[in-house]
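Read through the structure below, which is laid out as structure tokens, and then see the notes.
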Ligand SMILES: [Fe+2]
């Protein structure tokens, strides 16, 4: 599997009609985040091989990594792009994006719970100091 525009279209847009509008919104509001998501999906594909993941697990990992920041499509652009220090309220708003993204994924049962978990917990840390909440399934 090689991550490319065609693969992304095949994996996401063709299978999930919601996906096309989410990706368009992310690309419009946060083009850097969209390109970052593509790069993370490419890295996920590369690490899947040494991890000896099955094709099904690899596909889930790549999809989850591609979608990990999709919740940012619902965060105001001025908050994401702000170069000055964020206010406490803005920080709290940004910390919601993994939950928002997981809810977007969960709204379409075709994605599956593993992708939702990747999206929801990708900012969690091994010591529990990340976000959005301390109930990460990784701990
Ligand atoms: Fe990210």
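The values are calculated or read from the model by the stated rules, or taken from the named source; none is laboratory data. Quick caveat, the model's predicted, so the values are computed rather than measured. Methodologically, a virtual Cβ is constructed for each residue, glycine included, from the backbone with ideal geometry; neighbour enumeration extends over all protein chains shown.
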Could you tell me whether residue 24 is surrounded by fewer than 16 Cβ atoms within 10 Å (Cβ to Cβ), assigned to a helix (DSSP H, G or I) and away from the ligand (no atom under 16 Å from the Cβ)? yes
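Looking only at residues in region 35-59 that are within 10 Å of the ligand (Cβ to nearest atom) and out of contact with any helix residue (DSSP H, G or I) (no Cβ under 8 Å at 6 or more places or on another chain), which one is farthest from residue 99 (Cα to Cα)? Working first, answer last.
Start the filter on region 35-59 by keeping residues that are within 10 Å of the ligand (Cβ to nearest atom), which leaves 36-37, 39-40.
The next check asks that each one be out of contact with any helix residue (DSSP H, G or I) (no Cβ under 8 Å at 6 or more places or on another chain); those that pass are 36, 39.
Working: 36: 19, 39: 22 Å.
Among them, the one singled out is 39.
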Does residue 77 satisfy being closer than 14 Å to residue 115 by Cβ and either surrounded by fewer than 16 Cβ atoms within 10 Å (Cβ to Cβ) or touching a residue at least 24 places away in the same chain (Cβ under 8 Å) (or both)? no
Could you tell me whether any residue of region 61-70 is surrounded by fewer than 21 Cβ atoms within 10 Å (Cβ to Cβ) and in contact with a helix residue (DSSP H, G or I) (Cβ under 8 Å, 6 or more places away or on another chain)? yes
Return a yes/no flag: does region 60-78 have any residue that is under 23 Å from residue 124 (Cβ atoms) and away from the ligand (no atom under 16 Å from the Cβ). yes
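I'd like the residue in region 43-74 that is more than 16 Å from residue 105 (Cα to Cα) and part of a loop (DSSP other than H, G, I, E, B) and, out of all such residues, is modelled with the lowest pLDDT. Give the derivation first.
Filtering region 43-74 down to residues more than 16 Å from residue 105 (Cα to Cα) leaves 43-58.
Of the ones still in play, those that are also part of a loop (DSSP other than H, G, I, E, B) are 49-54.
On the way: 49: 92, 50: 96, 51: 95, 52: 95, 53: 95, 54: 95.
Top of the filtered list is 49.
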Within region 104-115, how many residues are surrounded by 15 or more Cβ atoms within 10 Å (Cβ to Cβ) and without any contact (Cβ under 8 Å) to a residue 24 or more places away in the chain? 1
Reported set for region 80-94 where residues are loosely packed, with under 15 Cβ neighbours inside 10 Å and either assigned to a loop (DSSP other than H, G, I, E, B) or within 16 Å of the ligand (Cβ to nearest atom) (or both) is 81, 82, 83, 84, 85, 86, 87
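For (1) surrounded by 15 or more Cβ atoms within 10 Å (Cβ to Cβ); (2) modelled with pLDDT under 75; (3) part of a loop (DSSP other than H, G, I, E, B), each residue gets a yes or a no:
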residue: 6; (1), (2), (3): no, yes, no
residue: 12; (1), (2), (3): yes, yes, no
residue: 35; (1), (2), (3): no, no, no
residue: 41; (1), (2), (3): yes, no, no
